[in-house]
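Enquirer: Take a look at the following structure, please.
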Amino acid sequence: MATTVTLSARDLSLLRLLSWTPASTALILRASSTFEGGSFADERRLRERLQALCRVGFVRFWSTAHAGGGLQNYYKLTPAGFDRLYGPDATKPPRAFFVEISPTFFEHTMQLAEAIIETMFACHAGHVTIERFYRENELMFAAGNAEVQPDCFFRFNVGGRSFNVAVEIDMSQESLDSVAPNSLREKIRVYDTYQDTLLSQWQAAGRVWERPRFRVVFLTRSVQRAYHILSLARLITANPRRRLVYAATQDSLRGDTNPVRSPVFLDHAGHWQALVDLHPTAAYLRAPVQLGNVVDQSVAIW
């Protein structure tokens, strides 16, 4: 096996993407329009370069059944690829990051990969900088003895302003309204308490740094599930005026031309919101949605 390879700026962008998330060939091709050095012309050229990176040990791939029939490959960074990108002294992700995806988590992982890449694509098109990114389970929010780790976290910057967004991929498998540690109720409670803690610390210190605020976005399979999550958030968040939780379907994210700057998300008051909004006091020309007042336990799971 060759031990050296000359990496172009585009190669480094590809490795950086795989340091954020595993991805299929189709997803990498879409993301490549954001790469330094330009995009790949087609899947054949991309596959050739991926094969070259696999031969030198920077990337690995596995095959899985495709929904449309046949097999598709997905790619992951190797520890050697991570070292080449960030240096041998950088803290590596856990071992699970580099190995084959468990069938149990495969759909969630690919949904998250698509959300990350759609966000990258939208930021590139909308001239929004991704100032900081935390991959799955890299960042922790703690409140007392409880903690939650978002599926990923973005810090956007545009016009000199920053916007912090934690992303949760909701596969309708977690209980919505229970006291279980992994329930949506507990996740929202921890996020809300953590935001209160940050604001209290900021106020106690004399507000000498940027106001610490973030949003939590739930990407769901159905509109109904999104409505139930928002109804629950309205019931349990301490400050009803603070729009901490947004929700949208996964289809709406992939179906909008710029889901970062467009109002494709609902907040718990039923108002439309964008992840990056330089004029938050200006209302969007979309009619608010009347959300229910009670979480219907019979349908809340799905």
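Enquirer: Assuming 0.36 nm per residue, please report the length gained on full extension of the stretch Asp83 to Val223 beyond their Cα-Cα distance.
Expert: 46.2 nm
Enquirer: Dipole magnitude of the chain about its Cα centre, charges +1 at Lys/Arg Cβ and -1 at Asp/Glu Cβ only, in debye to the nearest 20?
Expert: For this selection, approximately 520 debye.
Enquirer: Could you state the angle between the C-alpha long axis of helix 43-55 and the longest principal axis of the C-alpha atoms of the chain, as a value from 0 to 90 degrees rounded to the nearest 10?
Expert: So the helix axis and the longest Cα principal axis differ by about 70 degrees.
Enquirer: With the cut-off at 1.5 for a/c, could you classify region 107-263 from its C-alpha gyration tensor as rounded, prolate or oblate?
Expert: Since a/c reaches 1.5 but b/c is at least a/b, the shape of region 107-263 is classed as oblate.
Enquirer: Towards the positive end of the charge dipole of the chain, with charges on Cβ (+1 Lys, Arg; -1 Asp, Glu), say which of Gln290, Thr21, His124 has the farthest Cα.
Expert: His124
Enquirer: Let me ask another. Modelling each spin label as a point 7 Å along the Cα-to-Cβ direction, I'd like the Asp42/Asn258 distance in nm, to one decimal.
Expert: My value for the distance between the label points is 3.1 nm.
Enquirer: Quick check: from the Cα gyration tensor, does region 1-101 come out rounded (a/c under 1.5), prolate or oblate?
Expert: oblate
Enquirer: Here is a follow-up. What list do you get for Lys187, Lys76 if you sort them by fewest beta carbons within 10 Å?
Expert: By the 10 Å Cβ count, ascending, the order reads Lys76, Lys187.
Enquirer: Additional query: Remind me, relative contact order of region 118-194 in percent, using alpha carbon pairs under 8 angstrom and six or more residues apart?
Expert: So the answer I get is 24 percent.
Enquirer: Subtract the Cα-Cα distance of Glu107 and Glu174 from 0.36 nm times their separation in residues, and report this length gain in nm to one decimal.
Expert: Fully extending the segment from Glu107 to Glu174 adds 22.7 nm.
Enquirer: Further question: Stretched out fully, how many nm does the piece from Ala146 to Leu198 gain, at 0.36 nm a residue minus the Cα gap?
Expert: 17.1 nm
Enquirer: At what distance in nm do the modelled label points of Glu138 and Ala125 sit from each other, each positioned 7 Å from its Cα along Cα→Cβ?
Expert: Placing both labels 7 Å beyond Cα along the Cβ direction yields 2.5 nm.
Enquirer: Given charges of +1 on the Cβ of Lys and Arg and -1 on the Cβ of Asp and Glu, with all other atoms neutral, how large is the dipole of region 1-101 about its Cα centre, in debye to the nearest 20?
Expert: The dipole magnitude comes to about 80 debye.
Enquirer: Measure nothing but the geometry: give the 0 to 90° angle between the long axis through the Cα atoms of 9-20 and the longest principal axis through the Cα atoms of the chain, rounded to 10°.
Expert: Once rounded, the angle reads 50 degrees.
Enquirer: Here's something else I'd like to know. Taking the Cα centre of region 150-302 as origin, work out the dipole magnitude from +1 charges on Lys and Arg Cβ and -1 charges on Asp and Glu Cβ, in debye rounded to 20.
Expert: 480 debye
Enquirer: Now a separate question. So how do Ile169, Ile236 line up by other beta-carbon neighbours within 10 Å, fewest first?
Expert: Ile236, Ile169
Enquirer: Pull out a ≥ b ≥ c, the square roots of the eigenvalues of the alpha-carbon gyration tensor of region 139-218, then state rounded if a/c is under 1.5, prolate if not and a/b is larger than b/c, and oblate in the remaining case.
Expert: Oblate shape, in that a/c is at least 1.5 and b/c is the bigger or equal ratio.
Enquirer: Sticking with the crude label model, points 7 Å out along Cα→Cβ, report the distance from Ala52 to Thr64 in nm, one decimal please.
Expert: Taking the two extended label points, one gets 2.8 nm.
Enquirer: Here is a further query. Residues of region 231-264 with the amide nitrogen closer than 17 Å to a label point 7 Å from the Cα of Ala26, along Cα-to-Cβ, please.
Expert: Under 17 Å, as judged by backbone N against the label point of Ala26, lie 250-256 of region 231-264.
Enquirer: Hey, another quick one. Dimensions of region 187-276 along principal axes (Cα, Å, largest first)?
Expert: Principal-axis extents of region 187-276 (Cα, largest first): 43, 27, 19 Å.
Enquirer: Could you tell me which label, among (i) 17.8; (ii) 16.1; (iii) 14.1, carries the value of mean projected area of the Cα convex hull in nm² calculated for this structure?
Expert: Read-out taken from this structure: (i).
Enquirer: Would you order Cys54, Cys123 from fewest to most other beta-carbon atoms within 10 Å of each residue's own beta-carbon?
Expert: Ordered from fewest to most neighbouring Cβ atoms within 10 Å, Cys54, Cys123 come out as Cys54, Cys123.
Where a number appears in this text, it was derived from the coordinates with a stated rule and is not lab data. Worth saying up front: this structure is predicted, and the values here are computed from it rather than measured. Cβ coordinates were reconstructed from backbone atoms using ideal geometry, including for glycine residues, and neighbour counts include every protein chain displayed.
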